[in-house]
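Read-outs: derived from the displayed coordinates by stated rules, not from any lab. If you're wondering where the values come from, they're calculated on a predicted model, not measured in any experiment. Using ideal geometry, Cβ is built from the backbone for each residue, glycine included, and neighbour counts are taken over all protein chains shown.
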Amino acid sequence: MSSPVIVEATYENGVLRPIRPLDLTERQAVQISLNPEATTDHPHISQTPGICGGRPVVHGTRIPVKALVGYHRMGYTLTEILAGFPGLTAAQLHDALSYYYDHQADIDADMEADELPAVLEHFHMEADADGVLRPVN
């Protein structure tokens with residue numbers, strides 16, 4: 001089975017019209033999917049509402065780009081990261097890192113929002129000297 005082809009089209013008054021002509025053979029079966037998945041400029045990365053909060057993930061998985069970037073920042077080699085995610089291919093990992101560098105400000109902001117100070121502020125909490133969480137008065 002060949003991989004799916006993404007065709008851009010407009011929908012108006014009950015008619016789906018491709019933006020560019022399709023190269024179809026006579027009597028070729030075509031499957032149309034109106035998937036809410038947002039494609040990206042990277043073939044192995046997608047963003048889908050409801051999957052990991054709509055954040056970029058490796059396509060077909062629930063592995064967030066920011067998680068792979070986090071391991072890379074901690075000093076893990078690409079081989080070590082791949083060993084930790086057995087279903088992940090080298091191409092997917094490289095594409096995730098490439099996506100990060102193309103969208104660094106967005107991914108960095110998302111990662112900062114997950115850091116403890118941001119989480120505590122979001123939930124109006126603070127940590128005392130012993131690490132006990134308490135509501136901010």
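Details
- Going through (1) in a helix (DSSP H, G or I); (2) surrounded by 12 or more Cβ atoms within 10 Å (Cβ to Cβ) one by one, Glu112 falls short only on (2).
- Criterion: in contact with a Leu (Cβ under 7 Å, 6 or more places away or on another chain) and either closer than 22 Å to Val7 by Cβ or not charged (D, E, K, R) (or both) - qualifying residue of Ile51, Ile63: Ile63
- Scanning segment 39-57 for any residue that is surrounded by 13 or more Cβ atoms within 10 Å (Cβ to Cβ), in a helix (DSSP H, G or I) and either touching an Asp or Glu at 6+ places or on another chain (Cβ under 6 Å) or among the small types (Gly, Ala, Ser) (or both) turns up nothing.
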